[in-house]
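What follows is a single structure, written as structure tokens, with notes after it.
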Amino acid sequence: MKSIVVIPTYNEIDNINAIIAAVLNAIDGVSILIVDDNSPDGTAAVVETLMQSNDKIHILKRAGKLGLGTAYIEGFKYCLAKGFEAIFEMDADFSHNPNDLPRLLEAVEKDGYDLAIGSRYIQGRNVVNWPIRRLILSYGASIYTRLITGIPIKDTTGGFKCFRADALRKIDFDKVQTNGYGFQIEMNYRLWKKGGKIKEVSIIFTDRINGVSKMNTGIFGEALLLVWKLRFTPKSKL
């Protein structure tokens, strides 16, 4: 499948060279799209330099720090317009291991799933170097989401994914309500309600070494309210 990895960035100068190289080495012929929110550290300039010698590297430059959800949606629209068949999400900080990309692609390309999720919780709790408070927030949010919505996913907030393009086209991006990490829950739910086949693939998540995390408790507050909105939204309006 014609594949592309979408990576939103904001101040990822310490990681950007290495993550691009690792992604391009993970799958033969894969492309990469960086969606940069006007990083003041020069992340976009590094990407543009790399683009001069590799046509598999793409960039969308945005006016400012506009949020994770809108970054992914702009990236998805770009990838769909370019005819990519498998579209990945992942972080720039190596918390998601690029070597796991082929396993996600296999679930979509060979096993016929519409969405493959790199799951931290399908086999225990596979998280390295996270503070216990953050682990409780993340794991608890996934349990809470399953209880309220009924979605059969153990890692509802994970951001390491591979979408089949045809399935992604079924989602009306203009109806997506969230822009933080609740975006991951919402996309899973909307795809599931559209009849999408979803598989969780066990991964080990390792907290970033370089750069600064964008996670905060407000992100989880957004998700707590979101699941109730989704639960009571008629299927016809999703």
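Can you tell me which of (1) at positive phi; (2) assigned to a strand (DSSP E or B) is the one G83 doesn't meet?
Among (1) at positive phi; (2) assigned to a strand (DSSP E or B), G83 violates only (2).
Exactly one condition in (1) surrounded by 19 or more Cβ atoms within 10 Å (Cβ to Cβ); (2) in contact with a helix residue (DSSP H, G or I) (Cβ under 9 Å, 6 or more places away or on another chain); (3) not polar (S, T, N, Q) is false for K56; which is it?
(1)
If you go through the range 21-56 one residue at a time, how many are within 13 Å of V5 (Cβ to Cβ), polar (S, T, N, Q) and assigned to a helix (DSSP H, G or I)?
Qualifying residue count, the range 21-56: 1.
Can you tell me which residue in the range 1-25 is farthest from R62 (Cα to Cα), limited to those that are in contact (Cβ under 8 Å) with a residue 40 or more places away in the chain, hydrophobic (A, V, I, L, M, F, W, C) and crowded, with 21+ Cβ neighbours inside 10 Å?
This residue is V23.
Taking only pairs six or more apart or across chains, which ones have beta-carbon atoms under 6 Å, a first residue in the range 133-155 that is of a type in the set (A, V, I, L, M, F, W, C), and a second residue that is at pLDDT below 95?
Listed pairs, sorted by first residue: L135/V127; L137/F220; A141/T157; A141/F220; A141/A223; I148/V227; I148/R231.
From the list I153, I122, I59, exactly one residue is closer than 25 Å to Q177 by Cα, part of a loop (DSSP other than H, G, I, E, B) and touching a strand residue (DSSP E or B) at 6+ places or on another chain (Cβ under 8 Å). Which is it? Walk me through it before giving the result.
Details: I122 fails: closer than 25 Å to Q177 by Cα; I59 fails: part of a loop (DSSP other than H, G, I, E, B).
Among I153, I122, I59, only I153 is closer than 25 Å to Q177 by Cα, part of a loop (DSSP other than H, G, I, E, B) and touching a strand residue (DSSP E or B) at 6+ places or on another chain (Cβ under 8 Å).
Out of the range 9-19, which residues are hydrophobic (A, V, I, L, M, F, W, C) and over 10 Å from P98 (Cβ atoms)?
Going residue by residue through the range 9-19, those that are hydrophobic (A, V, I, L, M, F, W, C) are 13, 16, 18-19.
I13, I16, listed by residue number.
Suppose we keep only residues that are over 12 Å from T156 (Cβ atoms) and surrounded by 22 or more Cβ atoms within 10 Å (Cβ to Cβ) within the range 202-225. Which one would you say is modelled with the lowest pLDDT?
In this case the residue turns out to be F205.
Look through the range 156-191, keep the residues that are part of a helix (DSSP H, G or I) and of a type in the set (K, R), and return whichever of them is nearest to L104 (Cα to Cα). It would help to see each step written out before you state the result.
Residues of the range 156-191 part of a helix (DSSP H, G or I): 165-168, 173-175, 182-191.
Now restrict to residues that are of a type in the set (K, R): 175, 190.
Values: K175: 27, R190: 20 Å.
For the range 156-191, the residue satisfying everything is R190.
Across the range 144-182, what is the total count of residues that are of a type in the set (F, W, Y) and at pLDDT 95 or above?
Filtering the range 144-182 down to residues of a type in the set (F, W, Y) leaves 144, 160, 163, 173, 181.
Then keep just the ones that are at pLDDT 95 or above; that gives 160, 163, 173.
Result for the range 144-182: 3.
The values are calculated or read from the model by the stated rules, or taken from the named source; none is laboratory data. This is a predicted model, so every value here is computed, not measured. When we count neighbours, we look across all protein chains shown, and the Cβ atoms used for this are built from the backbone with ideal geometry, even at glycine.
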